[in-house]
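The values are calculated or read from the model by the stated rules, or taken from the named source; none is laboratory data. The structure displayed is predicted, hence computed values, not measured ones. Note that we place each Cβ from the backbone using ideal geometry, even for glycine, and neighbour counts take in every protein chain shown. We work out accessible area using only protein heavy atoms, side chains counted, and drop any ligands, DNA or RNA first. Shrake-Rupley method; radii C 1.70, N 1.55, O 1.52, S 1.80 Å.
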Amino acid sequence: MLAEIKGLNEECGVFGVWGHPDSAQLTYYGLHSLQHRGQEGTGIVVSDGDKLRVVKGEGLVSEIFTADVMEKLKGTSAIGHVRYATAGGGGYENVQPLLFHSQTGSLALAHNGNLVNANYLKHQLETQGSIFQTSSDTEVLAHLIRRSGFSDIKDQVKNALSMLKGAYAYLILTENELMVALDPNGLRPLSLACLGDAYVVASETCAFDVIGAEYIRDIRPGELVVINKDGISSEQFAFNSTKSICTMEYVYFSRPDSNIQGINVHTARKNMGKRLAAEAPIEADVVTGVPDSSISAAIGYAEASGIPYEMGLIKNKYVGRTFIQPTQSLREQGVKMKLSAVRGVVEGKRVVMVDDSIVRGTTSRRIVNLLKEAGATEVHVVISSPPIKNPCFYGIDTSSKEELIASDKSVEEIRELIGADSLTFLSKEGMVGAIVNTEGTEGFCLGCFTGNYPTEIYPDTLQYYYQK
């Protein structure tokens, strides 16, 4: 399940526009800024007020939406999606947004997250006659909406959302309105902005910056926002859940120029580096970060420790996302295709290597070897998050428990396996404190670190992720 070179992958990003004549073009730019959240597939659905039109495909935003394609996407509202396949797997049929037609109108769905009761709901729906066209958990919502029995679309959506368990940030587009919903725990990020008289919604605020939209606020956990010709309205469809934003959004997934719940991601990562320097003081000559997500933490570690920060590792930005690795020998060289150690920086030096996480340990081992092959005399690995011991059920591809190196190995055993001279993980309190400057860990999902999840996890989901 996990990529050979990078151990963590997020499921997707969503972007939507209501009330703008260039909605498709704005969505293109928004999705381009969210490309880091998913590179396997992308799609846009546009409404002209009369009908919905979809274009989607497997590939990058720039590959699917050529100039000729964009010329055909006309409308004043649109939703878009970039996908990394987790639940349901890949394939064209699972690329979102999903578009459904019925006698009462059309409906398009874009989803970031993962439903932990999707299989249970699918079974119930199939026994009642539903036939699913995809293997994506997103399609479950469309069936629940149409089978709700209510006449008003908002009531249909509210009723359907009340049956879902897990993580979801939904954009729902009809001919006449755009609906936005966030799960009761707020596990995934979702924000609202305006562009003149138009409204914009996105997984990350960096998407607002690229089109010049003005941030308004974050979507609240359990909130349903409806945008139509009458303006914008909001109501809670769920209450009394524990707010649990995913900590890995701050550690790894989001772009450093995004703000999540009013907190800048770069600042949070830099603070994680500073906390690491306090928790793991090391005598060394140079600090370097693993590009790109660990650079902010490395800068923070260097500032707090007084050890100079240097660009000891360089990322090759031109390696394709589908780099072919036909043999084991070439597979072992894969990390060198993406990363290079700068000999002039690390040769003869004691190096502190800052990274955001260790999943299986294979990538960390190869990077440590790169630095030592380039002449580093010592490599001390510091990680800006705690050990990942448990799988994520909410849309992050951390594979089965048996593939997580920290699930059954101590820090010392991991250090030996990756070949580092020392290894330190940031504490849970240090990680959360770096984000919100508090001593507690309330308000965050720490399931992959602690095994304590904010929602019920259904047995069939547990069986899959804890396979042996």
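Numbers below:
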quantity	calculated
Number of positions in the stretch 254-275 that are within 16 Å of the chain's Cα centre (by Cα) and on the phi > 0 side of the Ramachandran plot	1
Residue, farthest from GLN96 (Cα to Cα), within the stretch 44-59, restricted to residues that are crowded, with 23+ Cβ neighbours inside 10 Å and in contact (Cβ under 8 Å) with a residue 60 or more places away in the chain	SER47
All positions within the stretch 257-269 that are in contact (Cβ under 8 Å) with a residue 40 or more places away in the chain and open to solvent by less than 60 Å² (accessible area, probe 1.4 Å)	SER258, ILE260, ILE263, ALA268, ARG269
Filter result (modelled with pLDDT of 95 or more, in contact with an Asp or Glu (Cβ under 8 Å, 6 or more places away or on another chain) and surrounded by fewer than 19 Cβ atoms within 10 Å (Cβ to Cβ)) within the stretch 287-323	PRO308
Failed item, numbered, when LEU34 is tested on (1) free of Cβ contacts under 8 Å to residues at least 60 places away in the same chain; (2) open to solvent by less than 70 Å² (accessible area, probe 1.4 Å)	(1)
Any chance SER62 is touching a Cys at 6+ places or on another chain (Cβ under 6 Å), at pLDDT 95 or above and of a type in the set (Gly, Ala, Ser)	no
Residue count, the stretch 263-283 (criterion: of a type in the set (A, V, I, L, M, F, W, C) and part of a helix (DSSP H, G or I))	6
Filter pass, SER407 being farther than 28 Å from ALA304 by Cα, small (Gly, Ala, Ser), modelled with pLDDT under 95 and touching a Phe, Trp or Tyr at 6+ places or on another chain (Cβ under 6 Å)	no
Criterion: modelled with pLDDT under 95 and surrounded by 23 or more Cβ atoms within 10 Å (Cβ to Cβ) - qualifying residue of PHE253, PHE239	PHE253
Odd one out for GLU283, checked against (1) modelled with pLDDT of 95 or more; (2) surrounded by fewer than 20 Cβ atoms within 10 Å (Cβ to Cβ); (3) among the charged types (D, E, K, R); (4) more than 30 Å from ALA420 (Cα to Cα)	(4)
SER191 vs. criteria in contact with an Asp or Glu (Cβ under 9 Å, 6 or more places away or on another chain), open to solvent by 10 Å² or more (accessible area, probe 1.4 Å), small (Gly, Ala, Ser) and on the phi < 0 side of the Ramachandran plot	no
So THR363, is it of a type in the set (Ser, Thr, Tyr), part of a helix (DSSP H, G or I), at pLDDT below 95 and within 22 Å of the chain's Cα centre (by Cα)	yes
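One line per residue, one yes/no per condition, for (1) open to solvent by 20 Å² or more (accessible area, probe 1.4 Å); (2) among the aliphatic types (A, V, I, L, M); (3) in a strand (DSSP E or B); (4) at pLDDT 90 or above:
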{"site": "ILE367", "(1), (2), (3), (4)": "no, yes, no, yes"}
{"site": "LEU371", "(1), (2), (3), (4)": "no, yes, no, yes"}
{"site": "GLY375", "(1), (2), (3), (4)": "yes, no, no, yes"}
{"site": "VAL379", "(1), (2), (3), (4)": "no, yes, yes, yes"}
{"site": "PRO387", "(1), (2), (3), (4)": "yes, no, no, yes"}
{"site": "PRO391", "(1), (2), (3), (4)": "no, no, no, yes"}
{"site": "THR398", "(1), (2), (3), (4)": "no, no, no, no"}
